[in-house]
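Everything below concerns the one structure shown next.
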Amino acid sequence: GVETTARRPAAVAPTALDQGRCVNGKCECFDGFTGEDCSVEACLIDCGENGRCVNGACVCNEGFSGGDCTETDCLNNCLGRGRCVDGECVCDEPWTGFDCSELICPHDCYDRGRCDNGTCYCDKGFTGEDCGAIACPNDCSGRGFCIDGRCVCDAGYSAEDCSSLTCPNDCNQRGRCFNGVCICETGYFGEDCGKLSCPNNCNGRGRCIDGRCECDAGFQGHDCSEFSCPNDCNNRGRCVNGQCVCEEGFGGEDCSIKTCPSDCYGRGQCVDGKCVCFADFTGEDCSELSCPSNCLNRGRCVAGQCVCDEDFTGEDCSQRKCPNDCLGRGRCVDGQCVCQEGFEGLDCSVPTCPGNCNNRGRCVNGKCVCDEGFIGDACGERNCPNDCSGAGQCVDGRCVCDEGYIGKDCSE
């Protein structure tokens, strides 16, 4: 574009008022002037942040003076680290002091210490860059870190200042810790007192497991002080000084054998606790004489002899008994009487008649009472009328008359 002087041409607005020149419709002000139309007098010196330019001169903010507003009423002009108010420095963070020459301390050390050029020197019992933390005793002896005045000790250390060696598992509350070593209470042992101790340390005859002795072979008792018995007497006796005292009914060195009463009196063998008696002996202890065939369970054995039940007899009760022993008039065969001749009946009590009266009469007390027409001891003969009147012989029911007589009954 074409440069012009600061005269006011009719076509240009706003005018430069001879205090600048118009270039492409805009005023380029000469030194000392400013504004859209160059009507404002500019300050030849920059007033900076501490003042403003009014009609070509710096009007300084409160507390500042000088042509460029760089001078203050405060010491050392607050060293550029604050502003001057009524002759006193209002310092920027983190500065303090009359001329803002000192660093301030964080949180003003919480009034728990003194501040020296930005560093807190804490009173006793406090720590931290601002003295905001409660200090731990002896600074935890360098063996832990401090939280709210309490030491959190490194592994292996304890006490309020971490000065003591710790014990494993804190001795399980079963002992006291002395310089890192557990001194266990009675009844406990181990590096952390975690194991139950055994009485008399098992007398060196076994191992201690959870407070109980597991005794070596040959020993027993809560402290392994006693000699043990073989197989623990099989729970059938008690062990006395290494020997089994067996309960009744058991024997052997370990009470494993069942015994028999009175040792079977030497009259039999003991098999699994029962007497197997020799011949002629019986009873649970073989003390009794036996009976033949054990009386066939038809009687009882008394001193080796059978006392048979009713209806049985014989030395072994093998025979059935006959009624009234057949009254001595016959033999007893399998419970029935075989009567001697002349007797009959269940017990041979009835006398018999000869020939059974030949069925021609009846037997009364051993004598035949013949039917009519028959005679004789056994009614074996026919009788004749009127017995042949004594004048003849009766032959087969007919009269053979003597000489001189006749008739059916020889009566003529």
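For the structure I just gave you, tell me whether Gly25 is farther than 30 Å from Gly87 by Cα and either without any contact (Cβ under 8 Å) to a residue 60 or more places away in the chain or crowded, with 16+ Cβ neighbours inside 10 Å (or both). Yes: the conditions hold for Gly25. Residue-level check: of (1) crowded, with 18+ Cβ neighbours inside 10 Å; (2) within 30 Å of Ile134 (Cβ to Cβ), Tyr188 misses just (2). Determine whether the range 164-174 contains at least one residue that is in a loop (DSSP other than H, G, I, E, B), basic (Lys, Arg) and either surrounded by 18 or more Cβ atoms within 10 Å (Cβ to Cβ) or in contact with a Gly (Cβ under 9 Å, 6 or more places away or on another chain) (or both). There is at least one residue in the range 164-174 that is in a loop (DSSP other than H, G, I, E, B), basic (Lys, Arg) and either surrounded by 18 or more Cβ atoms within 10 Å (Cβ to Cβ) or in contact with a Gly (Cβ under 9 Å, 6 or more places away or on another chain) (or both).
Residue-level check: of (1) at pLDDT below 85; (2) on the phi > 0 side of the Ramachandran plot; (3) of a type outside the set (Val, Ile, Thr), Asp68 misses just (2).
The set of residues in the range 216-228 that are under 19 Å from Tyr188 (Cα atoms) and either in contact (Cβ under 8 Å) with a residue 40 or more places away in the chain or more than 24 Å from the chain's Cα centre (by Cα) (or both) comprises Asp223, Cys224.
Against the test of being among the hydroxyl-bearing types (Ser, Thr, Tyr) and closer than 30 Å to Phe219 by Cβ, the options Ser318, Ser256 yield a single qualifying residue, Ser256. Taking first residues from the range 164-190 that are farther than 20 Å from Gly142 by Cα and partners that are part of a strand (DSSP E or B) and of a type in the set (Lys, Arg), the Cβ contacts under 6 Å between residues at least 6 apart in sequence or on separate chains come to Ile183/Arg176; Phe189/Lys195. Checking each residue in the range 46-70 for being farther than 25 Å from Leu103 by Cβ and of a type in the set (Asp, Glu) picks out Asp46, Glu62, Asp68. If you go through the range 275-312 and keep only what is under 28 Å from Ile257 (Cβ atoms), crowded, with 18+ Cβ neighbours inside 10 Å and more than 57 Å from the chain's Cα centre (by Cα), you end up with just Ser290. Those strands (runs of 3 or more DSSP E) of the range 323-412 in which 1 or more residues are at pLDDT 85 or above, polar (S, T, N, Q) and over 60 Å from the mean Cα position of the chain (by Cα) occupy 336-339, 392-395. Of the residues making up the range 244-267, those that are surrounded by 14 or more Cβ atoms within 10 Å (Cβ to Cβ), in contact (Cβ under 8 Å) with a residue 12 or more places away in the chain and at negative phi are Cys244, Cys246, Phe250, Asp254, Ser256, Lys258, Thr259, Cys260, Pro261, Arg267. Of the residues that make up the range 61-69, is at least one free of Cβ contacts under 8 Å to residues at least 24 places away in the same chain, in contact with a helix residue (DSSP H, G or I) (Cβ under 7 Å, 6 or more places away or on another chain), under 23 Å from Ile104 (Cβ atoms) and polar (S, T, N, Q)? Within the range 61-69, none of the residues are free of Cβ contacts under 8 Å to residues at least 24 places away in the same chain, in contact with a helix residue (DSSP H, G or I) (Cβ under 7 Å, 6 or more places away or on another chain), under 23 Å from Ile104 (Cβ atoms) and polar (S, T, N, Q).
The values are calculated or read from the model by the stated rules, or taken from the named source; none is laboratory data. Note that the structure is predicted; figures quoted are calculated from it, not measured. Using ideal geometry, Cβ is built from the backbone for each residue, glycine included, and neighbour counts are taken over all protein chains shown.
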